[in-house]
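Visitor: Okay, handing you the structure first.
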Amino acid sequence: MRARKRKTILLIATFDTKGEEALFLKKRLEARGLAVLTMDAGILAPSSVPVDIDQRNVASRGGISLDQIVAQGDKGKCILNMIRGAESLCRQLYDQGRFDGVIGIGGAQGTDIGCAAMRSLPVGVPRIMVSTVASGRAMFGPYVGTKDITLMHSVADLQGLNFLTKRVLENAAGAIAGMVEGLTKMEMKPEGVPVALSMLGTTTPGALRCKKILEDRGFEVVTFHQNGTGGIAMEDMIRDGSFQGVLDLNLHEIGDRFVGGLHGAIRGDRMEAAGEAGIPQVVAPGSINYVVMGPLDSLSEKWRSRKLIVHNPQLTLIRLTPEELTEVGKSVAEKLNRARGPVRLFIPLRGFSYPDREGLPHWEPEGNQAFIESLKSHLHPGIPVTEMEAHINDPEFIDPVAEAFLEMMKQKKKVKPPKR
C-alpha cells in the first residue's frame, strides 16, 4: 500500500438505519488520530450525514442501480446486490492503498454486507465487525469464511446511542486502532521457506514431530486444523501463493464431508489447490476414516451402532464403513490425479489416527484396507505410493515422510506466486 500520513480505517455501515452509531464510531476513531473512509451500504434512504462512498455507488458496483433494485421489491435481491458492490469496492480500495483496516457495524443484514466485504481482503488485514448477531445459536462460518475476521457482540441492539452502545463502540474503535498500529511493528512475511501442514488432534504427535523436522531445516510451517474451515483456508492461501509446498498429513475434512459430519470441508475443493498450483505435495490419509458428530445422546441408532469414541461431551468420533471408505478413497485418487506438480503418497498400515490403532476403539483394518485398495486402484500409476508398517503418529512413519518432502522441495523449481 502506498504511504499515507495517517492510518485509515474503512467504516462500513447501513447509514439509513445506523447513521447515528456510525457517526459516533467515526468520531471515536478520529479522536485516536485515524482517518476514516465511510461506505454506506444502506438501501432504505440516503444517509443523513456526509459519506465518502454513498449507497448509489455501492449498488451500481453490485451490477444494478439502486432505483432499479429497490423497484423490484425483493429485499433479498437488494442485499445481494449491495454485498456484491461492497465486496468489489472494498477490494479495489484496498488494492489502491486507500485504507489499512476495516470496521463494520450492523444487524443481520449489515453483518452480511460488512463481513462479505471483509472476506474479499487477504488474511492479515485488520477487520472487526460489531454485530447484534455475534452470539447465540447462529452459525458464524458464513460470516467469517476462511479469513481472520473479528466478530464483536454489540450486546444491545444498535438503535441509538446510550451508555452501553457507546461503550461497545468505543471498545471497537480501540480494538481496530490497536490492530492497525501493529501493522508498523510486524509485517506478514515468512522468516523461512513457507509450507503448509494439515493436522488434527488425533494426529498431533506425528504432525508436531514433522513440524520440528521441517523447522530445523529452515522452513516456516503454518499448520491448519482440519475442522471443516481450516483445510479450506489452507486451500485459499495456497491459491494466493502463500506456500511453496504442502505436507497434507490429515485429510479428515474429505471423509467427514462425504457423510455429512460436523467437520466436513465447507467446500468441495479440499486437496486441489496444490495440484492446480503445481507445487510439491506429500499426502497421508490422517483421520480420514471417521466422522465428527454431536453429543452421544443426540445420535440416531445408525451412528450409535458403529465403532465410536466420545471425544468430549459435545463431539463423538464415529468410524466410516468400508463401503464409505471405498468411495472416499476413489475421491482422493481423483483429486491427486489432477495435480500438475510432484505428488507422493504415504500410507500407514497400522492406523490413520490416535484411536485407530490395534487395541483401541477405532481399530478396524478391514475399513482401512478398503480405502487403500480403492485409492490405489483409481490412482494414476505415475504417482508413487509408499505403504509402511507403522502408525501415522510413529516416528518410523513421520521421519521418512518428512525426508521425502524435503527431497521434493530440493528438486522443485521455485514457483512464482500469482500477483496479489
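The values are calculated or read from the model by the stated rules, or taken from the named source; none is laboratory data. Predicted model, so just to flag it, every value in this text is computed and none were measured. All Cβ positions, glycine included, derive from the backbone under ideal geometry; neighbour counts span all protein chains shown. Ligands, DNA and RNA are excluded from the accessible area calculation, which covers all protein heavy atoms including side chains. Shrake-Rupley method; radii C 1.70, N 1.55, O 1.52, S 1.80 Å.
For (1) hydrophobic (A, V, I, L, M, F, W, C); (2) open to solvent by less than 10 Å² (accessible area, probe 1.4 Å); (3) free of Cβ contacts under 8 Å to residues at least 60 places away in the same chain; (4) under 30 Å from MET408 (Cβ atoms), each residue gets a yes or a no:
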residue: ILE279; (1), (2), (3), (4): yes, yes, no, yes
residue: SER298; (1), (2), (3), (4): no, no, yes, no
residue: LYS307; (1), (2), (3), (4): no, no, yes, no
residue: ILE318; (1), (2), (3), (4): yes, yes, yes, no
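Visitor: Also, I was wondering about something else. Residues that are of a type in the set (Lys, Arg) and under 27 Å from PRO190 (Cα atoms), at least 2 per element: which helices (runs of 4 or more DSSP H) completely within the range 55-147 meet that?
Guide: Passing ranges: none, list empty.
Visitor: Further question on the same structure: Could you check how many residues of the range 220-237 are assigned to a strand (DSSP E or B) and open to solvent by 30 Å² or more (accessible area, probe 1.4 Å)?
Guide: 4
Visitor: So, of the residues in the range 332-356 that are more than 22 Å from SER305 (Cβ to Cβ) and of a type in the set (D, E, K, R), which turns out to be least open to solvent (accessible area, probe 1.4 Å)?
Guide: Within the range 332-356, the match that is least open to solvent (accessible area, probe 1.4 Å) is LYS335.
Visitor: Determine whether the range 173-181 contains at least one residue that is closer than 29 Å to MET271 by Cβ and in contact (Cβ under 8 Å) with a residue 12 or more places away in the chain.
Guide: For the range 173-181, residues closer than 29 Å to MET271 by Cβ and in contact (Cβ under 8 Å) with a residue 12 or more places away in the chain: absent.
Visitor: Something else about it: Filter the range 95-154 down to the residues that are of a type in the set (D, E, K, R) and open to solvent by 10 Å² or more (accessible area, probe 1.4 Å) and list them by number.
Guide: ASP95, ARG98, ASP100, ASP112, ARG119, ARG137, LYS147, ASP148
Residues are listed down the side, and each one gets a yes or a no for (1) within 30 Å of GLU253 (Cα to Cα); (2) in contact with a helix residue (DSSP H, G or I) (Cβ under 8 Å, 6 or more places away or on another chain):
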{"site": "LEU164", "(1), (2)": "no, no"}
{"site": "ILE176", "(1), (2)": "no, yes"}
{"site": "LEU183", "(1), (2)": "no, no"}
{"site": "ASN227", "(1), (2)": "yes, yes"}
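Visitor: Please tell me if GLU358 is touching a residue at least 12 places away in the same chain (Cβ under 8 Å) and of a type in the set (Asp, Glu).
Guide: So GLU358 fails the test.
Visitor: Okay, moving on. Scan the range 4-34 for residues that are in a helix (DSSP H, G or I) and of a type outside the set (Val, Ile, Thr) and report the count.
Guide: Here the count works out to 16.
Visitor: Continuing with the same structure: In the list ASP216, ASP240, which residue meets the criterion of being open to solvent by 10 Å² or more (accessible area, probe 1.4 Å), of a type outside the set (A, V, I, L, M, F, W, C) and over 23 Å from GLY141 (Cβ atoms)?
Guide: It is ASP216.
Visitor: OK, next. Which number in (1) farther than 26 Å from GLY174 by Cβ; (2) in contact (Cβ under 8 Å) with a residue 12 or more places away in the chain marks the one condition that GLY73 misses?
Guide: Tallying (1) farther than 26 Å from GLY174 by Cβ; (2) in contact (Cβ under 8 Å) with a residue 12 or more places away in the chain, GLY73 fails exactly one: (2).
Visitor: Further question on the same structure: Return the residue satisfying two criteria in turn: it lies in the range 33-58 and is surrounded by fewer than 16 Cβ atoms within 10 Å (Cβ to Cβ) and charged (D, E, K, R), and of such residues it is nearest to VAL125 (Cα to Cα).
Guide: Top of the filtered list is ASP52.
Visitor: Hey, among the residues in the range 357-392 that are among the polar types (S, T, N, Q) and closer than 18 Å to LEU320 by Cα, which one's most open to solvent (accessible area, probe 1.4 Å)?
Guide: The selected residue is GLN369.
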